[in-house]
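Student: What follows is a structure written as C-alpha cells; I'll ask about it next.
The values are calculated or read from the model by the stated rules, or taken from the named source; none is laboratory data. For clarity, every value in this text was computed on a predicted model and none was experimentally measured. Methodologically, a virtual Cβ is constructed for each residue, glycine included, from the backbone with ideal geometry; neighbour enumeration extends over all protein chains shown.
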Amino acid sequence: MLKILENIFKNITSKPYTSNYPFTPYQHFPGTRADVTFDGTKCILCQLCQRSCPAECIIIHKEETTVEYLNTQCIRCGYCVRVCPTNAISQNEVYTKPSKERLTVYTLVTNENAPIIKKRKAEAAKKAATAEGKPVTDKPEEAKK
Ligand code: SF4
Ligand code: SF4
C-alpha cells in the first residue's frame with residue numbers, strides 16, 4: 001500500500017515522459033540514424049557500401065563516377081556508414097517524409113584518389129605527352145629526366 005502511494009506521489013509530482021507533440025517540436029534521441037548522405041570528395045568507388053547494404057539501395061556506377069542512393073528503399077541500418085573506408089558516408093537525424101514516388105539521390109564522385117579517376121587522369125596526361133612529342137612513361141620521375 002505504501003509503495004502504491006509512493007508511486008502515485010511520484011507520478012503526480014514528476015514531469016510527463018511524453019512530449020506534447022505537435023505543440024512541442026519533436027526532439028531526436030541522441031544517436032538517431034536517419035537519412036544517408038555521400039561525400040563525393042571522399043568516396044573512392046570501392047563498392048564496399050553497395051555490397052554491405054541489405055536493402056540493395058546503393059548502386060556504384062564506376063564508369064559514370066556516381067553513387068546512386070535509393071532513399072525511399074533505405075532501412076537506415078547504418079551498415080554502409082560502418083564499412084566505408086574513407087568516411088564518405090554519414091547519417092544525419094532527419095528523415096525524408098514517406099512518399100509514393102521512388103526518391104533517388106545521385107552523388108558525383110570527384111575524389112582524385114579514386115582508382116578510376118586516377119587512371120583516367122594518367123591516360124589523359126599520357127595522351128597529352130604523346131601529342132606534344134614528349135617521352136611517355138608510367139613512372140612520373142622518369143618523365144622528368
Ligand atoms: S543505411 Fe543500411 S539500408 Fe540504408 S543505404 Fe546504408 S546499408 Fe543500405
Ligand atoms: S561511399 Fe565509401 S564504401 Fe561506398 S564506394 Fe565510396 S568509398 Fe567505398
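Student: Just to verify a result, which residue in segment 11-63, among those that are within 16 Å of ligand 1 (Cβ to nearest atom), of a type in the set (S, T, N, Q) and part of a loop (DSSP other than H, G, I, E, B), is modelled with the highest pLDDT?
Tutor: Gln47
Student: Next up: Of all residues in segment 64-86 being in a loop (DSSP other than H, G, I, E, B) and away from ligand 1 (no atom under 14 Å from the Cβ), which is surrounded by the most Cβ atoms within 10 Å (Cβ to Cβ)?
Tutor: As a first pass, look at segment 64-86 and keep what is in a loop (DSSP other than H, G, I, E, B): 64-65, 74-78, 84-86.
Still in the list and also away from ligand 1 (no atom under 14 Å from the Cβ): 64-65, 85-86.
Numbers: Glu64: 13, Thr65: 19, Pro85: 11, Thr86: 15.
Filtering first and then ranking leaves Thr65.
Student: Within segment 7-30, track down each residue that is surrounded by 10 or more Cβ atoms within 10 Å (Cβ to Cβ) and among the aliphatic types (A, V, I, L, M). Before the answer, list the steps.
Tutor: Within segment 7-30, the first condition is being surrounded by 10 or more Cβ atoms within 10 Å (Cβ to Cβ), and the residues that meet it are 7-9, 11, 19, 27-28.
Correct list: Ile8 only.
Student: For segment 43-51, does any single residue satisfy the condition of being more than 8 Å from ligand 2 (Cβ to nearest atom) and of a type in the set (S, T, N, Q)?
Tutor: Restricting attention to segment 43-51, the residues satisfying the condition of being more than 8 Å from ligand 2 (Cβ to nearest atom) are 51.
Those still in the list that are of a type in the set (S, T, N, Q) too: none.
No: zero hits.
Student: Can you find, within segment 92-104, the residue that is modelled with the highest pLDDT among those that are farther than 12 Å from Tyr69 by Cβ and under 15 Å from the mean Cα position of the chain (by Cα)? Please lay out each step first, then the result.
Tutor: First, pick out the residues of segment 92-104 that are farther than 12 Å from Tyr69 by Cβ: 92-95, 97-101.
Adding the requirement that they be under 15 Å from the mean Cα position of the chain (by Cα) leaves 92-95.
Working: Asn92: 90, Glu93: 87, Val94: 85, Tyr95: 86.
Checked segment 92-104; the qualifying residue modelled with the highest pLDDT is Asn92.
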